């Protein structure tokens, strides 16, 4: 009753058709794959997965709503928080590399099960750096950073 036959292919086979209404099912997909667009007159636009943006804003100490603004008055604290977190990560990675170098020089196997991998992890610093640059340019031009508008 009222079901769109075209939406039936969106649910896995054997999935009860009456369990989740299609519009809610589609909304769940949209929420998990959300993109946040940050805008500033000083720096243009930056697109970021919502999950990544939430991690960055947790460091900043400001909730990431559907829409929001970081005023020029809030930017210095946000910049300082990001730089502090980036520096902590840099020191941590430096210590890890030093430990691995020491073990390698001693002839110890770092991880017998470790297989060579093409994948390289993407660290917080790499993900946050474009936003940090936007914040700095916006502060310099005394313009806000907005998202969701």
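Restricting 83, 90, 94, 62 to those that are touching a helix residue (DSSP H, G or I) at 6+ places or on another chain (Cβ under 8 Å) and farther than 19 Å from residue 137 by Cβ reduces the list to 90. Counting only residues that are free of Cβ contacts under 8 Å to residues at least 60 places away in the same chain and over 12 Å from residue 128 (Cα atoms), the stretch 65-83 holds 4 of them. For the condition modelled with pLDDT of 80 or more, exposed (fewer than 11 other Cβ atoms within 10 Å of the Cβ) and under 18 Å from the mean Cα position of the chain (by Cα), residue 122 qualifies.
The values are calculated or read from the model by the stated rules, or taken from the named source; none is laboratory data. Nothing here was measured: the structure is a model prediction, and the numbers come from that model. A quick note on method: Cβ atoms are made from the backbone with ideal geometry, for glycine too, and the neighbour counts reach across all protein chains shown.
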